[in-house]
Every structure is written in structure tokens, then in C-alpha cells.
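These notes concern the structure reproduced below.
Just so it is clear, none of the values below were taken in a lab; they were calculated from the coordinates. The structure presented is a predicted model; accordingly, all values stated were derived computationally and were not measured. Methodologically, a virtual Cβ is constructed for each residue, glycine included, from the backbone with ideal geometry; neighbour enumeration extends over all protein chains shown.
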Amino acid sequence: MRSNAPFDDKIVSLKEASIWASEYLGRKITTSNIYYLVQYGRIKNYGSNGEILISLKELKNYYDLFSREKQWEKHLGENINWRLAFAEYKEAERTKHVHRLHPYKGKFIPQLVEYFLDSHTDEFKREVYFKKGDIVLDPFCGSGTTLVQANELGLHAIGIDISFFNALISNVKVQKHNIPAIAKEISNLTFKLREFQKGKSYIALEEHISAELEKFNLHTSHHLNLK
């Protein structure tokens, strides 16, 4: 249920946007949730020099577009399990532990995999299909979400993907690693990143990526509207 939060078409900071969105949607929306939308070109960044500023009007339009359950039910029928949208989860929960390693765009969230692999039942999932020790085969494993969650639930998992890069991501997520060596490498990378940020040359790159994502999303939206 949405609150009667005031709405005004103005440009706000990430923190202000998260406060407004939390009131509007009636659930906690963090700055990370909003930043995710900017990072993937869902909404535009009106800031410059590394500052992120959001249009409340665009943010409202985004949430309205993806919350019109009744409109979707007219096209798809009323027997839809809306819980599979997992809208109540924060971005940090949808990209928990190793799922945050790479922003692979074709992945689905781990909670969706857990829903079908775990031992619970409900009015939609009336039968348990897997038990500990079973083998799960994912012939199009992408970034390895299914493999990770299967292992987390005590299942064996085999993943296949035509993309070498996808296979690389998946293997990194499920392999056992030398933690001290990784910590040392992270320390070295952190030092180099801080040195790089001192020159602020990354700002131009981020703004370029944001502009290209905006073009891509506009083109995609136009193409879908033509259909």
C-alpha cells in the first residue's frame, strides 16, 4: 500500500530519493537500490563531477511502470504468483555474497532459484522437487546463480554455457579460493583504485557509460513500443 507521500518533479540526491521512494512504496528503499537504477541506465543521472542527482518524476514513473500488477493480470491472467517478483528484497539481498562479484545483466536473483530448489511448498509450489545430495543441471548457467544456490542448499550442480566469460564468472563463484591471497590482492587493488580516483579521470568514464546506457534504454523502449 502506498502512502500519500508528497510528489514534486525536482532533482534530488540519492539519500533524498531513497527517503521519498521508501515513503511512496511503503517499504525500505536504500540509496544502493537507487544507485542500481542509475548504474543500469533505468533512470538518468543529472549530476556531474561524480555527483549523482535523480529526477523524482523519472523515479516515480519507473516504480509505477513495474508495479502495475492489475494491468499485467489483464494480459497474463489472475493466477500469477507475484511473490516471485521478490520486490520486498533490498538490492544487497538480491546480490548477496558472491552474486555481487560481477554485474552480469542476464542473471536472475538467488531468491528465485531458492524458491524452486528448497524444501518449502505453498499454493503454487505444491511439490518438493529436490533434496540434499541431488544433482542439478543448468544447461545455460550464465553467471552461475543456480550453481551457487544449489551448493548452498546441499545440492550438487553442473553448469554449461557457450560463453567462455560466463563460464569464468561461474567458476570463480563456486571454486574454493586462497582467502589470504585474495585479501592481499584486494588490498593492492584498493590502493591502486584510490590512486586512480585522485585524478578523477574515472568521472568522465562513468558519465560516458551512463550516457550510452541511456541511449540503449531509449532505443529498447522505442523498439518495444513499436511492437
Förster-model FRET efficiency, 41 Å R0, residue 90 and residue 203, C-beta, rounded to 0.05: 0.90
log₁₀ of I(q)/I(0) at q = 0.11, 0.16, 0.21, 0.24 Å⁻¹ - segment 71-171, Debye sum with one point per alpha carbon: -0.38, -0.78, -1.16, -1.29
Residue 184-residue 129 pseudo-label distance in nm [points 7 Å out on the Cα-to-Cβ vector]: 4.4 nm
Of the GluC sites (Glu not before Pro) in segment 118-162, those whose Cβ has at most 13 other Cβ within 10 Å and which sit in DSSP loop: 123, 127
Chymotrypsin sites (Phe, Trp or Tyr not before Pro) within segment 87-187, DSSP loop, no more than 15 other Cβ atoms inside 10 Å: 104, 108, 124, 129, 140
At 1.306 mPa s and 10 °C, Stokes D of segment 11-67 from Kirkwood alpha-carbon radius, µm² per second: 143 µm²/s
Trypsin sites (Lys or Arg not before Pro) lying in DSSP loop within segment 150-206, provided at most 16 other Cβ fall within 10 Å: 176, 200
Under-5 Å amide H pairs with residue 53, H placed in peptide plane, nonlocal only: 46, 47
Segment 115-177: relative contact order in percent, alpha carbon pairs under 8 Å with at least 6 residues between: 30 percent
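Among 99, 120, what is the fewest-to-most ranking by other Cβ atoms within 10 Å?
Ascending Cβ contact count within 10 Å gives the list 120, 99.
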